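The values are calculated or read from the model by the stated rules, or taken from the named source; none is laboratory data. This structure is a prediction, so every number in the text was calculated from the model and none was measured. Neighbour counts run over all protein chains shown; Cβ positions are idealised from the backbone, glycine included. Each accessible area value is taken on the protein alone, full model and side chains, heavy atoms only, with ligands, DNA and RNA left out. Shrake-Rupley method; radii C 1.70, N 1.55, O 1.52, S 1.80 Å.
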Amino acid sequence: HKTGAVNYADYVSKCPGGTGIEQEHGCVRINSSGWVDCKAFVEHWRQWLQNRGMLQEGTFDYDNFDPKLQTNRYEEVEYENIVFCEGYKGMNNPFLAKDTIVPCKGEVLTVKVPGLRGDQIWKKSGIYLVPLGGETYKAGATYQWGSASPEPDLAGRIEIEAVLKTLIGNNYEV
């Protein structure tokens, strides 16, 4: 804050009662926060780029590209930059330094919570509960640094559910 003292009352408020959330020690509501629906964002971004002819999707053939020989060109397409959208699979990209990507697997559950009211994002002990509409919420996330496995992990589910039970009791279904 540029003026020195911060008035935190502008950013936090008392949590509302009667929400269905366990608040044995009270809680603070953080105002002016949010959540990005990454799937929707990526789909809209993809469409925006496609509409402007700025997106080429497909499998990049590393063997058919040498940036020293083919500057600003790949498969007959001129470019200013190439953006690799490979996620953790970028570990296999020969154009990226091997230590730049550290895989981190996370577990997220979609849960139905009957009777939970409000449009707040709740967080407790590192686990969040994000409203998706109606009685449906996202609950997560766990972090397993170094794991690149795409398979769901039972230990992650158990970890999320253990905290979820302290937040909303047993009043949910996965």
What distance in nm separates the two pseudo spin-label positions at PHE60 and GLN144, each 7 Å out from Cα along the beta-carbon direction?
2.7 nm
For the range 46-144, which trypsin sites (Lys or Arg not before Pro) pass both filters: DSSP loop (anything but H, G, I, E, B) and at most 14 other C-beta atoms within 10 Å?
ARG52, LYS68, ARG117
For the chain, what D do you get in µm² per second when you plug the Kirkwood radius from alpha-carbon pairs into Stokes-Einstein at 10 °C and 1.306 mPa s?
79 µm²/s
Just going by the charge dipole of the chain, with Lys and Arg at +1 and Asp and Glu at -1 on Cβ, which of GLN50, THR71, VAL108 is farthest out on the positive end?
VAL108
How large is the accessible surface per residue of the chain, computed with a 1.4 Å probe and reported in Å² as a whole number?
73 Å²
With charges set only on the Cβ (+1 for Lys and Arg, -1 for Asp and Glu), what does the dipole of the range 112-156 come to about its Cα centre, in debye to the nearest 20?
220 debye
Angle in degrees between helix 38-51 and the longest Cα principal axis of the chain, rounded to the nearest 10
30 degrees
LEU96 versus TRP48: modelled label distance in nm, points set 7 Å from Cα along the beta carbon direction:
2.2 nm
Taking 1 over the mean of 1/r across every pair of different Cα atoms in the range 74-120, what Kirkwood radius in Å do you get?
15.2 Å
Lys and Arg at +1, Asp and Glu at -1: neighbours of GLY156 with Cβ under 13 Å from its Cβ sum to -3
Surrounding net charge for GLU43, when Lys and Arg each add one and Asp and Glu each subtract one, Cβ distance under 13 Å:
0
With the contact rule set at Cα under 8 Å and sequence spacing of 6 or more, what percent relative contact order holds for the range 1-153?
18 percent
Any cysteine of the chain lacking a neighbouring Cys Cβ under 4.7 Å - listed by number:
CYS38, CYS85, CYS104
Probe 1.4 Å, all chains present, heavy atoms only: PHE60 accessible area in Å², nearest 10, is 40 Å²
Please give the charge dipole size of the chain, origin at the Cα centre, charges +1 on K and R Cβ atoms and -1 on D and E Cβ atoms. Round to the nearest 20 debye.
800 debye
In degrees between 0 and 90, to the nearest 10, how far off the longest principal axis of the chain does helix 154-168 point, with axes built from Cα atoms?
40 degrees
What does the charge add up to near ASN171, with Lys and Arg as +1, Asp and Glu as -1, over the other residues with Cβ less than 12 Å from its Cβ?
-1
Give or take rounding to whole Å, what are the principal axis extents of the alpha carbon atoms in the range 64-166, in descending order?
62, 27, 20
Which percent of the accessible heavy-atom area of the range 27-174 goes to carbon and sulfur, probe 1.4 angstrom?
53 percent
If every Lys and Arg gets +1 and every Asp and Glu gets -1 at its Cβ, then about the Cα centre the range 16-87 yields a dipole, in debye to the nearest 20, of 400 debye
So which of LYS98/LYS124; LYS14/LYS105; LYS39/LYS68; LYS14/LYS138 end up more than 32 Å apart, counting from Cα to Cα?
LYS98/LYS124; LYS14/LYS105; LYS39/LYS68
